[in-house]
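What follows draws every value from the coordinates through simple rules; no lab data is involved. It should be emphasised that the depicted structure is a prediction, and the values quoted were computed from it without experimental measurement. We place every Cβ from the backbone using ideal geometry, glycine too, and count neighbours over all the protein chains shown.
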Number of protein chains: 2
Amino acid sequence: MSKKISTRRARTKQRRLSPDDRRKEFVAKATEFFAEEGFGGGTRALARRLGVTQPLLYRYFPSKDDLIKEVYRTVYLEPFGDGWEKLLGDRTRPLPERLKEFYDAYTGVIFSRKWLRIYFYSGLKGLEINRSYVGIVRDKILSRIIRECRHAAGLPAQSKPSAAELEMVWVFHSGIFYYGVRKFIYEAPVLESKEQMISDAVDAFLAGFASVFGAKEEARKAVVKETV
Amino acid sequence: MSKKISTRRARTKQRRLSPDDRRKEFVAKATEFFAEEGFGGGTRALARRLGVTQPLLYRYFPSKDDLIKEVYRTVYLEPFGDGWEKLLGDRTRPLPERLKEFYDAYTGVIFSRKWLRIYFYSGLKGLEINRSYVGIVRDKILSRIIRECRHAAGLPAQSKPSAAELEMVWVFHSGIFYYGVRKFIYEAPVLESKEQMISDAVDAFLAGFASVFGAKEEARKAVVKETV
DNA sequence: TTAATTAGTGATCGGACGATAAACAACCGT
DNA sequence: ACGGTTGTTTATCGTCCGATCACTAATTAA
């Protein structure tokens, strides 16, 4: 049980990976481990899963907290490329198509047991990185979606989305997001076809957005202004 | 620091509550404690917050786990009255009004830091009680909403909602739910008026539901059946 | 081959944890 | 006033945790 043959370099009796690869392997496996056990999981259990002894972790990471910070980094920084903003803003294609393609891609990255659990564990800790992630989603994705919706609905372009618009897009976005939560965290039965879920959600959202903000929006805004 | 005057029975120097009240007080305070610290929080810190010593907890609860189970029960069983089903099904009132009133009431119960955090901590543990809660929401609330939507849209009544309908209502429901998560767990800025958020979400949902399932639904169902 | 360097292990420390037992203090019926 | 009952504390046990140190084994450079 204590002797394992090396995965690579099979000729030597003892395994020996390059320091950098070893580090990355540790972080990757630690991510899976903490996703399952939570960040209260012990370093001994983690080391056992890595096939090494516990003190070795402290050669690669000064403390458990530092290891956890690296886990955060890999999880949170993994998904965001800049391709998504361009995709959403490509007005040569119809908006429903862009939204569906974006959410197919976005959920393809974040809909996994690992990602979602780490996300919630860190969220419950109230970590800075979690809040900044929420801010990025709002500024890079949701604001862009609103701009495109306004354009598609023939509404005048505004630099800043209104709070009500932003909230509505949050509700839409969160609804899709929670499909993954139900599937991978609650392990509840969900509609088999993620694509259909997204497609329906996008269609319903666009119809709803037009219905709420299309005609009466200007009137309501005026009313709100009067009351202030 | 170790001597506190009794909250009731002020004439005696030492506090002494009835055993049942004491128990309830412990469970209530423990709920707040675990909501903040997670269930990994220590019994010593909990006892300190209660103003008693740690072994006393073990006179009222056989183990920490039993205490936690009582916390679950109070949190999960607190909200559900049967008034909500009746409210949703009251066809003498317009559906948007019913939905808005229901979600105002429902979120009035679950939108608190305490409730939401306990909910997610137990969800991440994969507890039975959490899954059964999700099942209750689906069967008692979402199914009912679908029935009312079908009726309001003039669609034929069906005994069971389709998977796609159910999913769409889940997305709607989750969108509203996540408003509370953003506010109380991420502590992110949200639209000040919860009522407006709900109102917009309901209006958008109903417009979207009609648009997706209103006219073309029968046609799409036929297509799906052909491909199966 | 050998010396220096690096990767990995065994043993262990102080502290926090859940839980228990025995001593003590407050209450109640008599 | 008193003795039994019950609520509460003090002291402690065994275990697990994060972290450190001294040591061995593997690798590299000369």
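So, in region A:37-62, how many residues would count as being of a type in the set (D, E, K, R) and either in contact with a Gly (Cβ under 7 Å, 6 or more places away or on another chain) or within 8 Å of DNA strand D (Cβ to nearest atom) (or both)? Working first, answer last.
Here is the first cut: in region A:37-62, the residues of a type in the set (D, E, K, R) are A:37, A:44, A:48-49, A:59.
Filter once more, so that each one left must be either in contact with a Gly (Cβ under 7 Å, 6 or more places away or on another chain) or within 8 Å of DNA strand D (Cβ to nearest atom) (or both): A:44.
Count: 1.
Where in region B:95-207 are there helices (runs of 4 or more DSSP H), lying fully within it, with 1 or more residues that are β-branched (V, I, T) and surrounded by fewer than 17 Cβ atoms within 10 Å (Cβ to Cβ)? Before the answer, list the steps.
Details: elements: B:95-110, B:113-124, B:128-136, B:143-152, B:163-184.
Here the list reads B:95-110, B:128-136.
If I filter region B:25-48 down to residues being more than 14 Å from every other protein chain (Cβ to nearest Cβ), touching a residue at least 12 places away in the same chain (Cβ under 8 Å) and within 12 Å of DNA strand C (Cβ to nearest atom), which single residue comes out as surrounded by the most Cβ atoms within 10 Å (Cβ to Cβ)?
B:A30
Given the criterion within 16 Å of DNA strand C (Cβ to nearest atom) and of a type outside the set (G, A, S), identify the matching residue among A:L67, A:L95, A:L77.
Only one candidate qualifies: A:L67.
How many residues, within region B:116-151, are among the hydrophobic types (A, V, I, L, M, F, W, C), without any contact (Cβ under 8 Å) to a residue 60 or more places away in the chain and more than 20 Å from A:G175 (Cα to Cα)?
Residues meeting the conditions: 2.
Looking at region B:133-149, is at least one residue within 11 Å of chain A (Cβ to nearest Cβ), touching a Phe, Trp or Tyr at 6+ places or on another chain (Cβ under 7 Å) and at negative phi?
Within region B:133-149, the subset within 11 Å of chain A (Cβ to nearest Cβ) is B:133-135, B:137-138.
Pick out the ones that are also touching a Phe, Trp or Tyr at 6+ places or on another chain (Cβ under 7 Å) and you get B:133-134.
Narrowing the set further to residues that are at negative phi leaves B:133-134.
Within region B:133-149, one or more residues are within 11 Å of chain A (Cβ to nearest Cβ), touching a Phe, Trp or Tyr at 6+ places or on another chain (Cβ under 7 Å) and at negative phi.
Working only within region B:179-204, note down all residues that are at the interface with chain A (Cβ under 9 Å from one of its Cβ atoms), among the aromatic types (F, W, Y) and touching a residue at least 40 places away in the same chain (Cβ under 8 Å).
Residue satisfying the conditions is B:Y179 alone.
Looking at the structure I just gave you, is A:I129 in contact with a Ser or Thr (Cβ under 9 Å, 6 or more places away or on another chain) and not hydroxyl-bearing (S, T, Y)?
On the way: in contact with a Ser or Thr (Cβ under 9 Å, 6 or more places away or on another chain): yes; not hydroxyl-bearing (S, T, Y): yes.
So A:I129 fits the description; yes.
Would you check which residues across region A:76-113 are within 19 Å of A:S174 (Cα to Cα) and of a type in the set (V, I, T) and list them?
Answer for region A:76-113, where residues must be within 19 Å of A:S174 (Cα to Cα) and of a type in the set (V, I, T): A:T107, A:V109, A:I110.
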